[in-house]
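The values are calculated or read from the model by the stated rules, or taken from the named source; none is laboratory data. These figures come from a predicted structure and were not determined experimentally. Don't worry about glycine lacking a Cβ; one is built from the backbone with ideal geometry, like all the others, and counts go over all protein chains shown. Only protein heavy atoms, including side chains, enter the accessible area calculation; ligands, DNA and RNA are left aside. Shrake-Rupley method; radii C 1.70, N 1.55, O 1.52, S 1.80 Å.
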Amino acid sequence: MATLKEKIGYALGDAAAGGVTWKVMSIAFPLFFTNVFGLTVADTATLMLIARMFDVVTDPMMGALADRTQSRWGTYRPWIIFGAVPLGAVFALLLYTPDFGPVGKRIWAYSLYLLMMATYTAVNVPYGSLLGVMTADDNEKNQFSSYRMVGAYAMGFVTLLSFPYLQKMVGGTPQHQYAVLGVTFGVVAAIGTLACGLLTKERLKPVRAEKFSLKPFADLFRNKPWVYLTLIGIAMNFFNGFRYAVAGYMFEYCLKGDVTVSGLIINYTVFMTFGELTCMVFGGVSPIFTKWVGSKRKAFMWAALLCAVTSLLFFFIPMSADYIWLMVAVVILTSIGIGLFSPLLWSMYADVADYATEKNGTSSTGLIFSSGTMAQKFGSAISGSLVALLLGLAGFISGTDATGQTVITITDADAVNRMIWALFSLFPAVIALVMMGLVYIYPIKK
């Protein structure tokens, strides 16, 4: 029986990875790379695409490697414990803008972003796999998954809400602000990750194959529940990725900057904070909701339907800061759905891992959970890449001049604004409907 301390410890892992590093990467990086760091729109889109091809190889390899790890700390925990400091350090370096020209900046950004993806993989794939060996009880798995999501959203709430106030406190240029915040949040991420590794326990021993084989990789594609769940995971992260990646541009260009209401600074991070708080609450409610509707599959479908309807509704809100509270209200409604279905994905991966062990006779928990991490990075980064690409097609041009200064040019402001608004609303609405269809045909009916 898992203790409360262990559940909180497990939650700290995603508070660090999902609530700090990945949250900043998802919401701030597209705008950071184009408007602060000084990459062109094409470079930003290409960087994220290359990183995804990199992850297609590294994530499954990391999963297979983690499955075969044997140490005094267990199978998955050593990767979390010893990966904590590198995760925080690389994240801090990635938010630093060196005083280089266009070529030097491009090399720095590509090198650090790929290194960040590799470090994140080395920590987060074992972290996800840990759920499969902490308990054999399905209800406890749901509880651990729920704690994980609450931890991620609670820390995401703190990260996004504090971001503009910390920027103001730091002062100086945007480049200086992001560099200082990179160090600050990097330290927080390292501490949370280390605490997770030290506070959790591995109670179950993976059934290992006698020697390394490519068979587990081939078995994945014969595992129908895994195929469907991976597609669901990619769609879910596309849904979140579009919204987070374009939020900064929405405030900068559609709403003409930060909105201040009764002393409250509402910028793009604070705006998404309302959703984070809602997700945190309803992430905790998710196990109760799932039990009420009768299955994870049904709960996921109802939650996705809510997201589709409210995302479509957002499109019809006038593009004006006068309607900021209506926008907040709709984001909160959308986030109810996100909070309900997010914990279910990881619990469903545990079901798929159990299915694979029963079918194949050996454990591939790390490999299967690596696909969840890959789906997370693939969906978030490809959506970020598409945001940059589509904004470029609409008339948004960014880059660095000969002196190293960031230069922004917009050739068609109305087209850019319309594209931003659609990327936050219509695109996610369609993706939510795709999620519903995939969950409907998902074969495990738990």
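Please verify whether the range 146-163 includes one or more residues that are of a type in the set (Phe, Trp, Tyr), modelled with pLDDT of 90 or more, within 16 Å of the chain's Cα centre (by Cα) and surrounded by 18 or more Cβ atoms within 10 Å (Cβ to Cβ).
Checking the range 146-163: not a single residue is of a type in the set (Phe, Trp, Tyr), modelled with pLDDT of 90 or more, within 16 Å of the chain's Cα centre (by Cα) and surrounded by 18 or more Cβ atoms within 10 Å (Cβ to Cβ).
Among the residues of the range 247-263, is any touching a helix residue (DSSP H, G or I) at 6+ places or on another chain (Cβ under 6 Å), open to solvent by 40 Å² or more (accessible area, probe 1.4 Å) and in a helix (DSSP H, G or I)?
Taking every residue of the range 247-263 in turn, none turns out to be touching a helix residue (DSSP H, G or I) at 6+ places or on another chain (Cβ under 6 Å), open to solvent by 40 Å² or more (accessible area, probe 1.4 Å) and in a helix (DSSP H, G or I).
Could you pull out the residue among ALA51, ALA17, ALA89 that is assigned to a helix (DSSP H, G or I), crowded, with 24+ Cβ neighbours inside 10 Å and among the small types (Gly, Ala, Ser)?
Criteria check complete, one pass: ALA17.
How many residues are buried (at least 21 other Cβ atoms within 10 Å of the Cβ) and more than 20 Å from ARG243 (Cβ to Cβ) when one looks only at the range 389-441?
Counting residues in the range 389-441 that are buried (at least 21 other Cβ atoms within 10 Å of the Cβ) and more than 20 Å from ARG243 (Cβ to Cβ) gives 2.
May I ask you to list the residues in the range 171-204 that are under 25 Å from GLY74 (Cβ atoms), part of a helix (DSSP H, G or I) and open to solvent by less than 30 Å² (accessible area, probe 1.4 Å)?
Hits for the range 171-204 are ALA189, ALA190, GLY192, THR193, ALA195, CYS196, GLY197.
Here is a yes/no grid of residues against (1) in contact with a helix residue (DSSP H, G or I) (Cβ under 7 Å, 6 or more places away or on another chain); (2) modelled with pLDDT under 95:
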position	(1), (2)
PHE396	yes, yes
ILE408	yes, yes
ASP414	no, yes
ARG418	no, no
PRO443	yes, yes
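If you check every pair at least six apart or on different chains, which have Cβ atoms under 8 Å apart with a residue in the range 110-136 that is over 17 Å from VAL57 (Cβ atoms) and touching a residue at least 12 places away in the same chain (Cβ under 8 Å) first and a residue that is acidic (Asp, Glu) and crowded, with 23+ Cβ neighbours inside 10 Å second?
Note: pairs meeting the criteria are TYR127/ASP14; SER129/ASP67.
Going by what's in this entry, would THR58 be described as more than 19 Å from CYS196 (Cβ to Cβ) and either in contact with an Asp or Glu (Cβ under 6 Å, 6 or more places away or on another chain) or in contact (Cβ under 8 Å) with a residue 24 or more places away in the chain (or both)?
yes
For the range 135-145, which residues satisfy the criterion of being open to solvent by less than 60 Å² (accessible area, probe 1.4 Å) and either under 21 Å from LEU277 (Cβ atoms) or part of a helix (DSSP H, G or I) (or both)?
Those that are open to solvent by less than 60 Å² (accessible area, probe 1.4 Å) and either under 21 Å from LEU277 (Cβ atoms) or part of a helix (DSSP H, G or I) (or both): ASP138, GLU140, LYS141, ASN142, PHE144, SER145.
I need a count of the residues in the range 167-199 that are over 19 Å from ALA89 (Cβ atoms) and in contact with a Leu (Cβ under 6 Å, 6 or more places away or on another chain).
The qualifying residues number 0.
Has the range 67-79 got at least one residue that is in a helix (DSSP H, G or I) and either at pLDDT below 90 or within 27 Å of VAL36 (Cα to Cα) (or both)?
There is at least one residue in the range 67-79 that is in a helix (DSSP H, G or I) and either at pLDDT below 90 or within 27 Å of VAL36 (Cα to Cα) (or both).
Quick check on the range 20-48: of everything there that is polar (S, T, N, Q) and assigned to a helix (DSSP H, G or I), which residue is most open to solvent (accessible area, probe 1.4 Å)?
Only one residue tops the list, namely THR46.
Need the failing condition index for TRP226 against (1) modelled with pLDDT under 85; (2) outside any helix (DSSP H, G or I); (3) closer than 23 Å to VAL123 by Cα, just the number.
(2)
I'd like the full set of residues that are of a type in the set (S, T, N, Q) and buried (at least 16 other Cβ atoms within 10 Å of the Cβ), limited to the range 268-315.
THR269, THR273, THR278, SER286, THR290, THR310, SER311
Between a first residue in the range 287-301 that is in contact (Cβ under 8 Å) with a residue 12 or more places away in the chain and a second residue that is basic (Lys, Arg) and open to solvent by less than 40 Å² (accessible area, probe 1.4 Å), which pairs have beta carbons less than 8 Å apart while being 6 or more apart in sequence or on different chains?
THR290/LYS296
Looking at ILE107, ILE27, ILE80 in this structure, which one is within 20 Å of the chain's Cα centre (by Cα) and under 30 Å from ILE397 (Cβ atoms)?
Within the list ILE107, ILE27, ILE80, the selection yields ILE27.
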